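> Below you will find the structure I want to go over with you.
The values are calculated or read from the model by the stated rules, or taken from the named source; none is laboratory data. Predicted model only: the values in this text are computed from it and were never measured. Note that each Cβ is placed from the backbone with ideal geometry, even for glycine, and that neighbours are counted across all protein chains shown.
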Amino acid sequence: AFNRFLYDGGPAYATGSEPTGESVVQLVCRTGGVSVLAHPWALKNPVAVIKEFKAAGLHGVEVYRSDGKLSGMNKAALSVMLSLHFNSFMWILI
């Protein structure tokens with residue numbers, strides 16, 4: 001679907017006013033939900049994004065995959081995540 005329809009400029013691609021990640025985290029928190037960032041290794045700058053989301057109220061970050069591999073983030077990024085003092089780590093199986 002992504003290669004055929006959803007790529008930038010593709011027939012199903014839409015631009016618009018997507019909410020920021022920070023505003024989504026805040027909304028989840030305000031409404032009593034638990035916000036968890038999945039697939040942080042897919043981000044271009046995961047450390048900066050995680051710090052921003054944590055400041056907005058992020059509860060957890062995916063650190064384990066169901067295939068048994070670590071998330072693919074380097075040790076420095078994992079160290080920064082640990083230094084942010086999350087109350088708990090969420091184990092999300094993908």
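> Taking segment 1-60 on its own, how many of its residues are assigned to a loop (DSSP other than H, G, I, E, B) and either among the small types (Gly, Ala, Ser) or on the phi < 0 side of the Ramachandran plot (or both)?
27
> Restricted to segment 1-43, and to residues that are within 26 Å of Gly60 (Cα to Cα) and among the polar types (S, T, N, Q), which residue is modelled with the lowest pLDDT? Spell out the reasoning first.
Residues of segment 1-43 within 26 Å of Gly60 (Cα to Cα): 17-43.
So of that shortlist, the ones also among the polar types (S, T, N, Q) come out as 17, 20, 23, 26, 31, 35.
Details: Ser17: 79, Thr20: 93, Ser23: 96, Gln26: 97, Thr31: 96, Ser35: 90.
The residue in question is Ser17.
A quick yes/no check of all residues on (1) modelled with pLDDT of 85 or more; (2) basic (Lys, Arg):
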position	(1), (2)
Ala48	yes, no
Glu52	yes, no
Ala55	yes, no
His59	yes, no
Lys69	no, yes
Gly72	no, no
Leu78	no, no
Phe89	no, no
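> Another question, then. Take Val36 and decide whether it is touching an Asp or Glu at 6+ places or on another chain (Cβ under 8 Å) and surrounded by 10 or more Cβ atoms within 10 Å (Cβ to Cβ).
Numbers: touching an Asp or Glu at 6+ places or on another chain (Cβ under 8 Å): yes; surrounded by 10 or more Cβ atoms within 10 Å (Cβ to Cβ): yes.
Judged against the criteria, Val36 is a match.
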